[in-house]
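Read the structure below first, then the notes.
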Amino acid sequence: MTHGDAAETDKTSAGEAARFLEPHLRGGRFDADPHEIPSEFLKDLAVLEELVIETAKWRHRQMHPTRQRTVKNFKRGVRLNLTGVGEGSAIPLFRLHLDPAANLFDEQRRCFEEARLAIVQTLGSASEVIDKEIGRLPPKLLTYFDRLGRNLKAGESMELGDGSGAVGRLTPERRLQLLQDAQVKTYRNEVTLLGSIHSGDKLNDTFELAADDGRTFQAPWPAPFREQVQEAWRGFEDGVRVSVQCVGEFTKEGRLQRVDSVEQLTVLDPLDVGLRLASFHTLEDGWHDGEGSALDRDGLGRLTEAFDRHWPEDLSLPHLWPMPEPEAGGGVHAQWKSGRRSVSLEVDLRASSAYFTSFDLDDPDPEVGVEEEGLDLSLPASWERVASEVRGFLGGDA
């Protein structure tokens, strides 16, 4: 059986350029901007190219078991290139270039097609293995998932097909399963740490982060964040907090044990939405005088992401309080205030909907104001509505 017969092939002067891979990126950022791919995810696509090439080499060695290594000119005339993004959704397009004049042309094409199928079968379940002879990737190749899929966030996935109908799906959860199958002792993942900077070492370019969970991590001090680290360090006694987006080394049990690199460092506003909502994660059932449910963590995550994505930078941040109602999953009360004018948003975390009000206590009829129920906070238009009201109602103080 020859896999990938459905691939589209074009003849060019440089050889044969075939549409080889079209990963479908779904969920989260990919659905929000379906014609774009976040720049950080390009790193994952580069690793995918590496994995395909190394898997093709592995298949070639399996075809020639008496050889100790892949033949020297196996990659001659071979290029796997990202050539664009498909229309309609976030679908990066990879083309495989092979030189028909190469002595290994037929073997190369077969090895790359079988490599694609092996990767797809690895991402799928055991019942989805179409070709048992090809099977799945060995543990050595599974270690590529330390980097491949690292930039997928919760709710996002990458789907790969082999051209004949087989589909494999990579999610953050599936990635961790594959790393366990690789029997690695540690793996790396992106993580955001909240905490305070209590010391720094300018000679060795490191700083000490006292994280909110009580642990202390030594982190690299990159030159682009030198001023931010110094600002947070000086303000340690005043309670200045930071958010550090980094790549960390985790044990196979999922415990962060080291910070390898710092990708972003932000000195936090005291009203920072992410910081305040993260503190609500610790609330347990009965937190409000014996009443009130623990707040829904997924809902808090969605609200944090929505604020980060949709709230204009030139508008002030709200004061936030947890709400004991609605009972199922709790809620969050957001308030913007200027003098005796106020705009409020009461968020149902489970439903991702909100009750919106604005009022002026100096108004002879304080009930006159904007009142709106059922705002769908998954829609950008709802956030534009709230931002417009905050800007218009509170004026220059917003």
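The values are calculated or read from the model by the stated rules, or taken from the named source; none is laboratory data. None of these values were measured; they are calculated from a predicted model. Neighbour counts are summed over all protein chains in view; Cβ atoms, including those assigned to glycine, are modelled from backbone coordinates with ideal geometry.
Tabulated data
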read-out	value
Single condition Val244 does not satisfy, out of (1) without any contact (Cβ under 8 Å) to a residue 40 or more places away in the chain; (2) within 25 Å of the chain's Cα centre (by Cα)	(1)
Restricting the range 204-253 to residues that are under 20 Å from Gly274 (Cα atoms) and touching a Phe, Trp or Tyr at 6+ places or on another chain (Cβ under 7 Å), the residue that is surrounded by the most Cβ atoms within 10 Å (Cβ to Cβ)	Leu209
Counted residues, the range 213-240 - those being over 30 Å from Leu178 (Cα atoms), under 23 Å from the mean Cα position of the chain (by Cα) and in a loop (DSSP other than H, G, I, E, B)	1
Residue list for the range 264-315, filter: surrounded by 17 or more Cβ atoms within 10 Å (Cβ to Cβ) and small (Gly, Ala, Ser)	Gly274, Ala278, Gly292, Ser293, Gly299, Gly301, Ala306
Any chance Arg150 is at pLDDT 90 or above, surrounded by 17 or more Cβ atoms within 10 Å (Cβ to Cβ) and in a loop (DSSP other than H, G, I, E, B)	yes
Residue tally, condition within 19 Å of Trp383 (Cβ to Cβ) and either at pLDDT 90 or above or small (Gly, Ala, Ser) (or both), over the range 315-343	13
Residues of the range 282-323 classified as assigned to a helix (DSSP H, G or I) and touching a Lys or Arg at 6+ places or on another chain (Cβ under 6 Å), total	1
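Rundown of residues vs (1) under 19 Å from Asn151 (Cα atoms); (2) among the aromatic types (Phe, Trp, Tyr), yes/no style:
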{"residue": "Ala210", "(1), (2)": "no, no"}
{"residue": "Phe250", "(1), (2)": "yes, yes"}
{"residue": "Leu256", "(1), (2)": "yes, no"}
{"residue": "Val262", "(1), (2)": "yes, no"}
{"residue": "Ala278", "(1), (2)": "no, no"}
{"residue": "Ser293", "(1), (2)": "no, no"}
{"residue": "His310", "(1), (2)": "no, no"}
